[in-house]
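Here is the structure we will look at.
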Amino acid sequence: MAKEDPVRYVCVNCGFSTVTRTGKCPLCGQWGTLEAAEPAGARSDKYGAKAEVVSSVSVTPPKRLSSGIHEVDRVLGGGLVPGGVVLIGGQPGIGKSTLLLQVGGQVASRGTSALYISGEESAAQVALRAARLGVSSEKLLLYCGGDLEDALSNVRSQNAGLFILDSVQAVRAPNETGWPGTPNQVRAAAQLAVDVARAANVPAVLVGHITKDGRLAGPMLLEHMVDTVLTFSGEGYSSHRMLRAMKNRYGNTDELGIFEMRENGLAAVEDKSGLYWNRSDTAVPGVAMTIALEGSTPLVAEIQTLASPTAFPYPKRTSRGMDLNRFQLLAAVLEKRAGIPCGGCDLYLNVAGGLSIQDPSADLAACVSLASALKDKPLRSECCYLGEVGLAGEVRPVTRVMARLKEAERLGLKRAVVSGKERGEFWGPKEFTGMKIQRVDNLSEALSDVF
Ligand SMILES: Nc1ncnc2c1ncn2[C@@H]1O[C@H](COP(=O)(O)OP(=O)(O)OP(=O)(O)O)[C@@H](O)[C@H]1O
Ligand SMILES: [Mg+2]
């Protein structure tokens, strides 16, 4: 049979349908019950079916299953959806198995059976981790082994309300050639897991390995087969881990979950915004604060720049945490529009704590920080700068300014500099009791207050 013309197989016993031919039905566990439903090339019985009026389709919002970890639920858009499949990708050793074992343990301790399928580790290894994490519910079931068909048959037979497959690269799909982890195998394994989740109407979480350049290993269409794609990431030197949604059919992709890897597992970081901010009492030249948005989470970012005179005709520009081209552009705008020469200096920019900022709202902070470094004068302490800087030196409004300002106030900052074009009467003194808000139209105006 040609690969591009797959037949669906339907179990005559339980009605389970899949494109992967299996000897044993992964849902009801019966042998030899799968039969081809549509011979290749045949038109389906549904041919000629009428299109429906969207508003006439009856819908009931899915009843979500809480993962038991608030941060995970928030990133998922409110919890796991029955029949919905989540794929979580992350670098080796980042903590995927740890997180999911904790999720399994939480779900089980709330009375729903959770099946953890490990194709990579032995039962002893998983049990040891479970003991370290303090996961010990009777409803947490463990299947260790590479036979996916066999593993999945436990979903129905053990009445699992959630299954976790760790990982799609480590299990063997039936009737597919090649080693586990090869594109065909990964595609077939993921498809079978998706089919079982849909048929049994239980949520599923699949672990996917990522390649060196950060893509999910295996076939490209893996991301399309599932409903939600999460990434779990972190820097090697830090114990913080970030959970983000790259795609979500059941919620937005704005939320960010931050965890700390501890001896007894991953603990959610509740107060995220001050994570990258090192409260310091001494004002140092070249340091400016801004409130960046990571999804919908405001984070205080500390932008540091250093300017040192150079003897070379081509001064050096280095940037970490902000796009280098953006930094060079801002340095040029500062020189041309605010009259602060920087041609004779090597310039370095760093966003403290390893944070990476894509948000243009950090432009103003980068510019004042650079001006402060070049003039070797510190900026006001406890002040944040929010604004995008244009080529004409104008300071433009930023998105969700109110959320950022509220966060700045909550953290005890005393002053904020924003664009004069920021709309609304909302910042009367009653809005911000503890913080002075200053509006500026351009870079020169922002700097005149400082120097
Ligand atoms: N005893 C321990 N104390 C503290 N942290 C530990 C301990 N053992 C493991 N870890 C942490 O857990 C991490 C491994 O987590 P985990 O096995 O969940 O990662 P993973 O993403 O599933 O990796 P893989 O891709 O190899 O399956 C280690 O890198 C380490 O940071
Ligand atoms: Mg693992």
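The values are calculated or read from the model by the stated rules, or taken from the named source; none is laboratory data. The model shown is predicted, which means the values in this text are computed figures rather than measured ones. A quick note on method: Cβ atoms are made from the backbone with ideal geometry, for glycine too, and the neighbour counts reach across all protein chains shown. With ligands, DNA and RNA removed, areas are computed over all heavy atoms of the protein, side chains included. Shrake-Rupley method; radii C 1.70, N 1.55, O 1.52, S 1.80 Å.
When you filter the chymotrypsin sites (Phe, Trp or Tyr not before Pro) in segment 218-305 for DSSP loop state and at most 16 other Cβ atoms inside 10 Å of their Cβ, you are left with Tyr237.
Placing a label point 7 Å from the Cα of Arg279 along the Cα-to-Cβ direction, the residues of segment 340-354 with a backbone N closer than 19 Å are 352-353.
By the Cβ distance rule (another cysteine Cβ under 4.7 Å), the unpaired cysteines of the chain are Cys144, Cys342, Cys345, Cys367, Cys383, Cys384.
With contacts taken as Cα pairs under 8 Å at a separation of at least 6 residues, the chain carries a relative contact order of 12 percent.
Looking at segment 389-424, which trypsin sites (Lys or Arg not before Pro) are DSSP coil and have at most 16 other C-beta atoms within 10 Å of their C-beta? In loop regions of segment 389-424 (DSSP not H, G, I, E or B), the sparsely surrounded trypsin sites (Lys or Arg not before Pro) are Arg400, Lys414, Lys421, Arg423. In a reduced charge model with +1 at each Lys and Arg Cβ and -1 at each Asp and Glu Cβ, segment 287-450 shows a dipole moment near 120 debye about its Cα centre.
Projecting label points 7 angstrom from Cα along Cα→Cβ for Thr433 and Val54 puts them 4.6 nm apart.
Legend: residue pairs Lys377/Lys436; Lys272/Lys316; Lys139/Lys212; Lys316/Lys421; Lys336/Lys406, Cα-Cα distance threshold 31 Å; pairs beyond threshold, Lys272/Lys316; Lys139/Lys212; Lys316/Lys421; Lys336/Lys406. In the chain, the portion of solvent-accessible area held by carbon and sulfur atoms comes to 51 percent [1.4 Å probe, whole percent, DNA, RNA and ligands not counted].
Given R0 = 60 Å, the distance between the Cβ atoms of Arg423 and Ala311 translates into a calculated FRET efficiency of 0.80. Computed from the Cβ-Cβ distance with R0 of 51 Å, the FRET efficiency linking Leu128 to Arg410 stands at 0.80.
Taking a Cβ cut-off of under 11 Å around Gly286, the surrounding Lys, Arg, Asp and Glu residues balance to a net charge of 0, with basic ones at +1 and acidic ones at -1. Probing with 1.4 Å while keeping every protein chain in the model, the per residue accessible area of the chain equals 48 Å². Mean projected area of the Cα convex hull of segment 191-293, taken over all directions, amounts to 10.1 nm².
Hey, what's the Cα Rg ratio for segment 228-353 versus the globular rule of thumb, 2.2 N^0.38 Å?
Here the answer is 1.33, to two decimals.
Each peptide among 316-327, 85-96, 51-62 gets the average number of other Cβ atoms lying within 10 Å of its residues, and from highest to lowest they stand as 85-96, 316-327, 51-62. Computed over neighbours whose Cβ is under 11 Å from that of Gly90, the net charge equals +3, Lys and Arg +1, Asp and Glu -1. Once the gyration tensor of the Cα atoms in segment 112-267 is diagonalised, the equivalent ellipsoid follows with semi-axes of 23, 21, 16 Å, ordered largest first.
Computed over all pairs of different Cα atoms, the Kirkwood value for the hydrodynamic radius of the chain is 25.0 Å. Projecting the Cα positions of Ala124, Trp179, Val81 onto the charge dipole of segment 63-268 (unit charges on Cβ atoms of Lys, Arg, Asp and Glu, taken about the Cα centre) puts Val81 furthest along the positive direction.
What FRET efficiency, computed as 1/(1 + (r/R0)^6) with R0 = 25 Å and r the Cβ-Cβ distance, is obtained for Ser109 and Ser239, rounded to the nearest 0.05? Using R0 = 25 Å, I get an efficiency of 0.50.
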